[in-house]
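Beneath this line is the structure, given in structure tokens, with notes to follow.
Rule-based calculations on the coordinates, nothing more; no lab input. Note that the structure is a prediction, hence the values are computed from the model and not measured. Reconstructed Cβ throughout: ideal geometry from the backbone, glycine too, with neighbour counts over all protein chains shown.
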Amino acid sequence: SAVISQKPSRDICQRGTSLTIQCQVDSQVTMMFWYRQQPGQSLTLIATANQGSEATYESGFVIDKFPISRPNLTFSTLTVSNMSPEDSSIYLCSVLAGGQDTQYFGPGTRLTVL
Amino acid sequence: AQSVTQPDIHITVSEGASLELRCNYSYGATPYLFWYVQSPGQGLQLLLKYFSGDTLVQGIKGFEAEFKRSQSSFNLRKPSVHWSDAAEYFCAVGEKSNTGKLIFGQGTTLQVKP
């Protein structure tokens, strides 16, 4: 398995501002992902964070709104830009480990936008 | 398109009673199947997974799940529920192409009565 930490664990932000969420893994991993969990909802994949290249976004998510960095094999950031109350969610990062076939999740970042 | 259905949004059981959480999937072939648990304010923890072989898989915390290809189901069971099992449970389908992408069901909230 992998141990994953996220910062911040929660934040309250004003409309129109941006927040960068950090994800740190305790070992090198090939694949990292970012998910969104809206209140009372399930998880939706935002993008795959690729090391050394641009992230791969899922339908409905764009780089201008959710820029992602992946400078190395243990770290990634997700920025939520120009926030609105609709962006209030839990954002989770995950990694593919355990022989590249199992996904492990971080504790999540709970974001509230006022 | 792939999809995962958890028909029960909310389930309440008495402590010590048995539990079965339902999960049905739609996928072109036999997928990778997972059950995760999310306790309040926590990230997702992997309970168990099925890739191939024995269709009855054992997981952590006394949980097990059975893959039934004919019914496209992967139901989660526990013979005796503990109060600490109260949480949200997510069934997920993963692509065998090793993209790491997971598709989640809507989740089932488990409440345990004393």
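Figures for the structure shown
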quantity	calculated
Simple Cβ-charge dipole of the protein assembly as shown, Lys/Arg +1 and Asp/Glu -1, about Cα centre, in debye nearest 20	60
Under 5 Å, built H, 5+ apart or other chain: amide partners of A:GLN41	none
Chain B, dipole about Cα centre (Lys/Arg Cβ +1, Asp/Glu Cβ -1), debye to the nearest 20	180
Overall dimensions of region B:3-113 by Cα: Rg and Dmax, Å	13.3, 42
Length released on extending from A:ASN50 to A:GLU86, taking residue separation times 0.36 nm less the Cα-Cα span	10.3 nm
Lys pairs under 24 Å by Cα in region B:3-113, provided they are eight or more residues apart or on distinct chains	11
Most positive-pole-ward Cα, A:LEU111, A:MET32, A:ALA2, against dipole of chain A from beta carbon charges	A:LEU111
Cβ-derived FRET efficiency at R0 41 Å, A:GLN22 paired with B:THR55, nearest 0.05	0.55
Most mobile listed residue (B:THR30, B:THR55, B:THR99) in chain B, GNM with C-alpha springs under 10 Å	B:THR99
Approximate spin-label separation B:ASP8-A:ILE63, in nm, with each point projected 7 Å along Cα-to-Cβ	4.5
Cysteines without a disulfide-compatible partner [the protein assembly as shown; Cβ-Cβ under 4.7 Å]	A:CYS13
